[in-house]
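A short write-up of the structure that comes next.
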């Protein structure tokens, strides 16, 4: 290749390089040809109610173990497991032959004591007449009066023993302490009972308590009248059953303890629920939803939010319409919105949707939209 040809080749390559640089310069981001319309909305403020959920243990208002107060044989079972019973209704019968005999023996002892006391009382009267006639001394009267006092004490003791025997006899018929439902009956007729043996459990299921625990921080936010996050425990609370179904009756929450648990830092609350259908059982579990007023709280629509490495971001739009990737602290989700706990203000404009097609520092043409109207139109 000669010198002239080489010179022409370098000249041609140089011209091509200049044209390429010129074309790249005219397509740099920020030039008007790269700006695209993007839906933009303001950070909204909502005054709403959210629900704090807590795991709850359900207990019958009254749940009593029925136990034998006596030793003996279980002679009769009057009820079946799971049956409804009324207050005072007989449930079990313990063999009472021995206790009937004790009552008879105590009655005989009492009658003897009464007869002995009457005899001594007559002797006192007779001795008093002899003292008046100076036939016997005052000492003889004092002795017989002391005997009468001892006899009367024996009458009182015998009467007490009779009452005790009758009480023991009454324990042979075991009755329901209140209206309720019978639990399991572990023993059968003919079983030998020890004193204190468990016979069954009676539960009053006309109403139940749902116990749940809150932290000290939640407790303070609930009772602080100066805090917008307040709760009225006289207001109804909701119960969600173990299968996720809502319980149809509302309950009322109240404090069940007056101190915090040292190991967990929580305090127990309870909510009382009516149970007319008997659906709720003692020992069941569920979830309590406590309504909490948020006051005026900033929210952003879920379409505007994206996550990178467990952090939440939105694209904030500056006054000169340049977007910047802005992290914020997202609270719980309410419908289509996230609560804003920190990082954004009410004056901020953010990109509403299409965030995956954007990049930090990009210039846009903002198109203001209303999120609710936008969603409604999309669902038509």
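Structure above, values below:
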item	result
Helix-only mean residue ellipticity at 222 nm for the chain, each DSSP H run of n ≥ 4 adding -39500 (n - 2.57), per residue, nearest 500	-10000 deg cm²/dmol
Cα point-scatterer Debye curve for the range 96-171, base-10 log of I(q)/I(0) at q = 0.15, 0.19, 0.26, 0.27 Å⁻¹	-0.58, -0.74, -1.03, -1.07
Helix axis angle, 138-170 relative to the chain longest principal axis, alpha carbon, degrees	40
For the range 69-105 versus the range 343-366, the gap between their alpha-carbon centres in whole angstrom	79
Mean separation of Cα contacts under 8 Å (6+ apart) over length of the chain, as relative contact order %	26
Burial ordering of 272, 316, fewest other beta-carbon atoms within 10 Å first	272, 316
Correct choice for Kirkwood radius over Cα pairs in Å that was computed from the model, options (i) 22.3; (ii) 21.4; (iii) 30.6	(iii)
Between 0 and 90°, nearest 10: helix 3-26 axis offset from the chain longest Cα axis	40
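No lab work stands behind these numbers, since they all come straight from the coordinates. These figures come from a predicted structure and were not determined experimentally. Every residue, glycine among them, receives a Cβ derived from its backbone with ideal geometry; neighbour counts consider all protein chains shown.
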